[in-house]
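For reference, the structure is listed below as C-alpha cells.
The values are calculated or read from the model by the stated rules, or taken from the named source; none is laboratory data. Being a predicted model, the structure only gives us computed values, none of them experimental. Heads up, the Cβs are rebuilt from the backbone with ideal geometry, glycines too, and the neighbour counts pull from every protein chain shown. For the accessible areas, the whole protein counts, side chains as well, though only heavy atoms, and no ligand, DNA or RNA atoms are used. Shrake-Rupley method; radii C 1.70, N 1.55, O 1.52, S 1.80 Å.
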Amino acid sequence: MHPRLMLSELQEHPLRQRLNNEFHARPPVPLVGAVLVSHLVFKHSTEKAPAARDNLTKLCQGHVCNSIDSSDSHMMIDTGAFRMRWELHTEFSSYTFFRPLATGEELHPDVTAFDAVHPEWISGIPGKLIVATHVELRSTDEISPDSVLASLTPNGRTMVAARVADDTAWIFTDFKIDNGFSRFLVLNDGMTQRQTGRTVQRLVEIETYRLMSLLGLPVAKEVSRWLYDGEKQLAELMDSIGQAKTPDDERGVLGTLSALAADVEHSVARTTFRFGASRAYHGLVMQRIEELRETRISGLPTFFEFMQRRLLPAMNTCEAISRRQEELSARVARNSQLLRTRVDIELERQNQELLGQMNQRAKLQLRLQETVEGLSVVVLTYYGSQLVQYLAKGTKELHHLNTDVITAISIPVIAGLVFWGTRQMRKKLAAEAGETPH
C-alpha cells in the first residue's frame, strides 16, 4: 500500500485487490505469424471445478511448464511445444491450445494444437465435451483470400465470411463439425499481435457461447409438449368450475388444480436457469460479433446475418416457452384463487346456517329455563310460607306476634328474593347465548 495511505491508517476492503485482478483477468494472448489454435470446452457441474484444477497439475508432470498467469479460475502455461490457456466458468471449463506453424506448413485434417499432450490427460478432464474447434491463423501472403473465395462452389456448404478489424483480416467458417471439430480460417492482412489475439479469442468465444446457448432449445421443445397438455387441462378445469353444483365438486376441482399448479411450478424451477443462461449466452455471442466490426464480403453472409437467421429463432423459441410457462403459472394461480374464494364463500354460508341453528337452540333453552324458573318460584314460595308459618307458631309466645301478620310479610319477601336470584341467573344464561333477556 502507498505510504501515505499507510500513515493515514486507512482500512482496505478485503476484496479490493481480488476484484481488481478479476477485472484484468483473461487477457487475449498476443499472436504473431502462423498459429494453430485448438479450443476444447467441457461442460460440468460446479462440484467438478476442484477436479478440473487438480487435473492441470498432471499436465505439468509430463512437461516442463512455465506458468505465465495463474488464479483460481484462470491459468496460462507454456511447455515449449505448445501454450495452453485454461478458464473455469460457472458450468464449463475451456482449454485453448496454441501451437506455432511454419510458414507454408500444410495441415493434415487430424492435426491439432495439443498433439503433444498425452491422451490419458485429455481423457481425465472432468465433464463432457461440448465444443471443439480449430482456428487456423495465416497471413494473406501465405493464403490469398481470392483463392479461398474461388474454391467455394455454388452447391457446397454455406460459408460465412467477413472482413473484420477495420478490414485488416478475413474470416471464413461454415460452423459445421468436420472430423470432430468446427473450423475457422483467419487471414491476417495487417492486424497487430494484440488485435490478432483478440480476434481469435472472440471467435472461440462465439463458438462456445453459440453452443452453450443452444442447450436451452431441447429443454424448450420438451417443455412445449408438456405445456400444451397443461394448458388443455387448465381449460377443462375451467369448464368443470362452471359446471360444479356442490361443494364436493368444487373441492375436487380445487384439488386437481392444486396438483396442476405444483407441476407448473416444478417445471418453472427446473428450466428457469437454463432459459436464463441461454439468454445470457446469446447476448454474449451477439456482443462478440459486434466487436469484430465485420464488413460484408460480396455474395456471402456475415456472422451477424447468420446468427440472426439460425440462432435467433432458437433463442426466440426458448423465450416464448419461458413466457408461456410464466403465463400458465399466473393463470393457474388466478383460477385457484377464484375457486378458493367460491369454496370459502360456501363454507361461510354453511357456518352461518350452523350459527343460526345454534342461536335458535339457545333461544329454546332460554324459554325452557324461564318456564322452569316460574314453576320454581311458585314451589319455593309455597314451601317458604309453610316454613315461616311453622317458625311463627314456635315463637308466638316469645315475640307476641300475630302469625297471620308475619306470614303475610314473609311470603312476599321470600318470593322477591327467589325471583331476584332467578332473574340474575337468567341474565347470565342469556349473555352466554348472545341474547338480550326479556
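Among the lysines in the chain, how many pairs, 8 or more places apart or on different chains, have alpha carbons under 24 Å apart?
For the chain, qualifying lysine pairs total 14.
Note the full-extension length gain between ALA320 and ASP78 as 0.36 nm times their separation in residues minus their Cα-Cα distance, in nm to one decimal.
Computed gain between ALA320 and ASP78 is 82.5 nm.
Consider the candidate values [x] 4, 21, 31, 27, 13, 3, 1, 0, 0; [y] 4, 14, 16, 13, 10, 8, 6, 5, 5, 5, 5, 4, 3, 2, 1, 0; [z] 5, 24, 34, 24, 10, 2, 0; state which one is P(r) over Cα pairs in 10 Å bins from 0, in percent computed from the structure displayed.
Correct label is [y].
Kindly state, to the nearest 0.05, the FRET efficiency for GLU222 paired with PHE23, given R0 = 56 Å and r defined as their beta-carbon distance.
Here the calculated transfer efficiency is 0.90.
Using a 1.4 Å probe on the protein heavy atoms, what percent of the accessible area of the range 178-261 belongs to carbon and sulfur?
Answer for the range 178-261: carbon and sulfur cover 49 percent of the accessible area.
Report, to the nearest whole %, how much of the accessible area of the range 42-153 belongs to carbon and sulfur atoms, 1.4 Å probe, protein only.
Result for the range 42-153: 52 percent of the exposed heavy-atom area is carbon or sulfur.
Gain in length, ASP249 to LYS363, computed as 0.36 nm per residue apart minus the alpha-carbon separation, to one decimal in nm?
Extra length from ASP249 to LYS363 when fully extended: 37.5 nm.
Which Cys residues of the chain have no other Cys beta carbon under 4.7 Å away?
CYS318, each lacking another Cys Cβ under 4.7 Å.
What does the extension gain come out to for GLU348 and VAL372, with contour length at 0.36 nm per residue minus their alpha carbon separation?
So the extension gain works out to 5.1 nm.
Quick one: accessible area per residue over the range 123-198, 1.4 Å probe, rounded to a whole number of Å²?
Per-residue accessible area for the range 123-198 comes out at 48 Å².
Can you figure out the FRET efficiency of THR90 with GLN193, using R₀ = 41 Å and their beta-carbon distance, to the nearest 0.05?
0.85
Only helices at least 15 Å long along their own axis, judged from Cα atoms, and with Kyte-Doolittle mean hydropathy of -0.5 or greater: name those in the chain from DSSP H.
Both cut-offs are met by 49-61, 216-243, 247-292, 303-394, 403-433.
Kindly list the residues of the range 74-115 that lie in the label zone of ARG157, defined by a backbone N under 14 Å from the point 7 Å along the Cα-to-C-beta vector.
What the label zone holds, given the 14 Å backbone N cut-off, is 109-110.
Is the C-alpha gyration tensor of the range 270-319 telling us rounded, prolate or oblate? Criteria: a/c under 1.5 is rounded; beyond that, a/b larger than b/c is prolate, otherwise oblate.
It is oblate, given that a/c is not under 1.5 and a/b is not larger than b/c.
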